[in-house]
Every structure is written in C-alpha cells, then in structure tokens.
Amino acid sequence: MRIYLAEDYKSMSRRAANIISAQVITKPDSVLGLATGGTPVGAYQQLVEWYKKGDLSFAEVKSVNLDEYYGLSPRHEQSYRYFMQSNLFDHIDIKYENTHVLNGLAKSPTVECAEYNKLIRDLGGIDLQLLGMGHNGHIAFNEPGDDFGLETHLVNLTESTIEANKRFFESKDDVPRQALSMGIKNIMQARRILIVVSGAAKADIVYKAFCGPVTKEVPASILQLHPDVTLVGDKEALSKLVEAGVPVCG
C-alpha cells in the first residue's frame, strides 16, 4: 500500500486527480470505478479543470459507479446518477452511454444486481476503483458485518449511515433505508484501488482500517489484502497513522 499525506483537502484532491488522470492518459479506454460523497468532489473538480484546459480526455473512458439509493429516480437531486452528472459527467467529454450507475427504480433488485455484475465482467473489469470511506469503515454501502464475498447486492443501511447522510435531505425521514451497492468482491477484483479520506473525524477509522485486523466489522480493512492500493488523505485524516509511525509519502 502507498500512502500519500496531503497538507489539506485541496492538496489531497489534486493528488487523487493526478492518479486518476495518469490512469486515463496511459490507458485512454480505462474502466473507472467511481464514488460519490463529499470527499471525491474536489478530485472531480480538478479533473474537469484539466479537461477544460485540454490536458485530458475521457472520450474513450467507461465508468461504473459503486452504488445508488434504492427508490430514487435518476433525476432526483440526491440520486447518485444526478450527483455524477452534476459533478463530473456533464462537464467532460465522456459519452453518456459509457457511464453506468445502478438503477434505483429497478423493479427487481436481484436482476439489476446480477446484470451489473455481468456488465463489469463484460467491460473487462475495473482498471482503477475510486473509494471514499464512511465513519464506520464502510466502502460503497458495504456496512459492518457484511460478507466479504458478496457481489452487487441490496443493502439495508445502518442507522449511522442514515444519520451521516441526512444532511443531504430535507429530513432524516427522507433518507432512503436501502441502496444497491457493489460488494466487497467487486471492489477487490479491481486492478488498482484509490481511496481518499479527509478530516479529523476520519482519523480513528482510518487507523482501524489500515493498522487493525482485517475484520467484517471494519469493511475497509479488507483493502489491506489487495495488491495495489493507494491511500490519499489530508494530515488530519492520517494523523493516527503518522503517530503510529506508518510510512507515508509527502
């Protein structure tokens, strides 16, 4: 695992965007696994800036998103399809038909999940998977206790995840209680993984995930077993790793 310590959120975002852009430049038809949430937004903004300057093209890129709220329309302002269009896709030259997000209105979650697994296989697998991490160590919507062997599946969201996401909705009652999510198995099959973390509130869970035992109770801990993981975080998020003497790069 490579760990990069950034001074602040802006520097963290730029470092993450550098890694993603290098992937696209060296393999223009890359399959990117993409994430939503507040942490990746800065990296997406940087990628848009470089695209507009002519430094980068996504014309041949294909993308698969990690997850989607179950029950939300793609046009809902809190859906992850809407998030991706607003924060990245609408501002670069990626083809809409090459962007893939789970259908939150699927009549059969089981069928939707099976088809998504097949889609990932048909694309040849994910070249670079971008991840954030929740306060309880979840990656995508794989919550503590979930089986590491799961592929894309319907998830019942934990109370802590609902609480963390209520800020995006008018009230806590409006937060969906379920989501469709890639499983740990899908994530671990990616050739490379890039995980971004920011803020002091993530320091404890970052330490547990990368210095503690591999356990289902901290889903991100499984990343210790992946052969090609890069962790990029600001100094607040990585503070406990630094205190523990874990080697980091500037």
Label-point separation (nm) for Glu97 and Glu159, each offset 7 Å from Cα along Cα-to-Cβ?
4.8
Can you give the log10 of the normalised intensity I(q)/I(0) at q = 0.08 Å⁻¹, computed with Debye over equal Cα scatterers of the chain?
-0.28
For region 11-120, convex hull volume per residue from C-alpha positions, Å³
95
Given backbone amide H placed at 1.01 Å from N, residues whose amide H is under 5 Å from that of Ala6, ignoring those fewer than 5 places away on the same chain, are Gly233, Asp234, Lys235
Between region 56-83 and region 148-188, the Cα center-to-center distance that results, in Å:
15
At what distance in nm do the modelled label points of Arg121 and Glu243 sit from each other, each positioned 7 Å from its Cα along Cα→Cβ?
4.6
Using the Cα atoms of region 145-250 to build a convex hull, what is its mean projected area in square nanometres?
7.4
If packing is taken as the mean number of other Cβ atoms within 10 Å per residue, what is the order of 163-172, 101-110, 126-135, highest first?
126-135, 101-110, 163-172
Proximal lysine pairs in region 115-250, meaning Cα under 23 Å and 8 or more positions apart or interchain, come to 12
Tell me which DSSP H helices of the chain clear both cut-offs, 18 Å or more of axial length from alpha-carbon atoms and a mean Kyte-Doolittle hydropathy of at least -0.5.
9-26
If you take every DSSP beta bridge whose two residues both sit in the chain, what share of them, in percent to the nearest 5, is antiparallel?
30
So how strong a dipole does the chain carry about its Cα centre when Lys and Arg Cβ are +1 and Asp and Glu Cβ are -1, to the nearest 20 debye?
400
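Read the figures in this text as sums done on the coordinates, not as results from a lab. Only a predicted model underlies this, so the values are computations on that prediction, with no experimental measurement involved. Positions of Cβ are backbone-derived with ideal geometry, glycine not excepted, and every protein chain shown enters the neighbour counts.
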